[in-house]
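Everything on this sheet refers to the single structure shown next.
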Amino acid sequence: MNYRTVVRLVLSALLVALFVAGCGGSGGGRVALDLATDYVELYPGETRTVALSVTPTGGFGGSIDLKLQEVDGDPAPAWIQLNPGTVNVSGATTVNLTLQATASAAVGSYPLRVVGGGGVAPFTLRVVPALGSRWREQTRPTSQTLNGITWNSAGSFLAVGAGGSAFYSTDNGQTWQDRSLGTGDILRAATPLDATAFLAVGYNRAIWIIDVAAWTGDPRGPGGVGYLYGIAHGNGVYVTVGMNGDVYTSADGGTWNPQAGLGVTLNAVIYDGARFVAVGGGGTVVTSSDGSIWTPLTSPGTASLEGIAYGDGAYVAVDVFGRVHTSPDGGTTWTSWDSGAAWLYDVAFGEGVFVVVGANGAVFTSNDDGVHWTPRGPGGDSLFDVAYGNGHFVVVGENGRVLTSP
């Protein structure tokens, strides 16, 4: 063997070694990589596990090194960490890949890829604020189920529920003061009336003015058979909706006027800054400027809709089968996502974040106007309502459960 042949063989071996090293592998083989998702959401300090499929090609067996890169091949930011860094391959396998964003992670969207053994698995990492992502269980103010929650501009949250339960908090849901009515009324929803008073609605067409400063409860509802499920304020009008299409309106929260019934139960109503939007049975979505005349919008489906929220130009509604419906165009078209939850009860929006709550402690969040959803729920008792205010989300539910974020 002459000198030139030896040199060529040595150079070829070096090139092969450099190629394998550049692909993150060792042992001379190659693999195909595939992540279970192309979107991962983390808040600073959070760790999440994602399944990575590793499939050898060409009969390869041995170990490969896994690395995170930007899509152009540059190293990923130092604040995102991957584990494990080495995987032994002896056949097709699935690895539980741990991704951790350190406390210094910068909020934003990052196109990244996992590389190793010649395989590449691209994904988008979105670092989001702790709001809506990190949740804390608070001391329960009652063993009664809490069905509704609202927030006023004075900085107080009011939660209402079974047995005339009413509790208010001035520290973003950490502690609560009892302002219960002492009646058998089951309260379902509430909205602010002024700096210290709230309106609460519920079964037997109950409408109460609850003044948390004066410790008073003043019944103002029409009474009778029926249930009021939702209430909202906007354009100088209070609107409450309920069973069999009941709609009542008021200019001051004290005197209420019945409006023409819609013939279908309405479970929730909001004011989006320009109009009222109510949702209910059979996928009903209707809108009104003042609560007197209602116009139907396109329905996202036939399942009963339990709640709706508006933010960043998008509507998000939830239904009894655990589906989330999003409309970016005022309710003309909808896209749907199945959360896997048994039942979803409500949704709220704040600071660019939608939060959905439901059965068995389900919580889902979206930081991109309902395009992607991330499970955040701790499980346990069901969660029935969520409100945003003062930089915090507060969730209430079964057996007096309270969660807060951040």
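Each value in this text was obtained by applying a stated rule to the coordinates, not by laboratory testing. Because the structure is a prediction, the values reported are computed rather than measured. Don't worry about glycine lacking a Cβ; one is built from the backbone with ideal geometry, like all the others, and counts go over all protein chains shown.
Using the Cβ-Cβ distance between ALA214 and ASN399 with R0 = 45 Å, the FRET efficiency computed as 1/(1 + (r/R0)^6) comes to roughly 0.95. Look at the dipole of the chain built from charges on Cβ: of GLY230, ALA105, VAL320, the Cα furthest out on the positive end belongs to ALA105. Potential lengthening of the chain between SER53 and THR255 amounts to 66.4 nm, from the contour at 0.36 nm per residue minus the alpha-carbon distance.
Considering only THR332, ASN96, PHE384, whose Cα is most displaced toward the positive end of the charge dipole of the chain, charges sitting on Cβ of Lys, Arg (+1) and Asp, Glu (-1)? The residue sitting most towards the positive pole is ASN96.
If you put +1 on each Lys and Arg Cβ and -1 on each Asp and Glu Cβ, how big is the dipole of segment 22-127 around its Cα centre, in Debye rounded to 20? Please report the intermediate quantities before stating the final value.
Values: 5 positive and 8 negative charges, 36 e Å.
Using Cβ point charges on Lys, Arg, Asp and Glu, segment 22-127 gives about 180 debye.
Every helix of 4 or more DSSP H residues in the chain counts as -39500 (n - 2.57), and over all residues that averages to -1500 deg cm²/dmol at 222 nm. Charges on Cβ only, +1 for Lys and Arg, -1 for Asp and Glu, centred on the Cα centroid of the chain; of LEU305, PRO75, TYR39, which one is farthest towards the dipole's positive end? Highest projection toward the positive end goes to PRO75.
Between VAL120 and SER143, what's the calculated FRET efficiency when r is the beta-carbon distance and R0 is 51 Å? Round to 0.05. Provide the component values of the computation, followed by the final result.
Working: r = 54 Å, r/R0 = 1.05.
Efficiency at R0 = 51 Å is approximately 0.45.
Computed from label points 7 Å out along Cα-Cβ, the spacing between ASP74 and ASP290 is 5.8 nm.
Roughly speaking, what is the centre-to-centre gap between segment 127-149 and segment 80-102 when only Cα atoms are used, to the nearest Å? Cα centroid of segment 127-149 versus Cα centroid of segment 80-102: 33 Å apart.
Let a ≥ b ≥ c be the square roots of the eigenvalues of the Cα gyration tensor of segment 314-391; is it rounded (a/c under 1.5), or, if not, prolate (a/b larger than b/c) or oblate? Write out the running numbers ahead of the final one.
Numbers: a/c = 1.86, a/b = 1.25, b/c = 1.49.
Cα axes put segment 314-391 in the oblate bin.
Could you let me know the centre-to-centre spacing of segment 257-301 and segment 362-406, using Cα atoms, in angstrom? Taking the Cα centre of each part, segment 257-301 and segment 362-406 sit 24 Å apart.
Only Lys, Arg, Asp and Glu carry charge here, each on its Cβ (+1 for the first two, -1 for the last two); on that basis the chain has a dipole of about 1140 debye about its Cα centre.
Sorted largest first, the principal axis extents computed over the alpha-carbon atoms of segment 185-296 equal 41, 31, 20 Å.
Report, to the nearest 10°, how far helix 3-22 tilts away from the longest principal axis of the Cα atoms in the chain, using its own Cα long axis and a range of 0 to 90°. Once rounded, one gets 10 degrees.
When you restrict to C-alpha pairs under 8 Å that are six or more residues apart and normalise by the size of the chain, the relative contact order lands at 11 percent. Applying the Karplus relation 6.51 cos²θ - 1.76 cosθ + 1.60 with θ = phi - 60° to segment 82-99 yields 3J(HN,Hα) values of 10, 8, x, x, 9, 10, 8, 10, 10, x, 4, 8, 10, 10, 7, 8, 9, 10 Hz, where x marks Gly and Pro.
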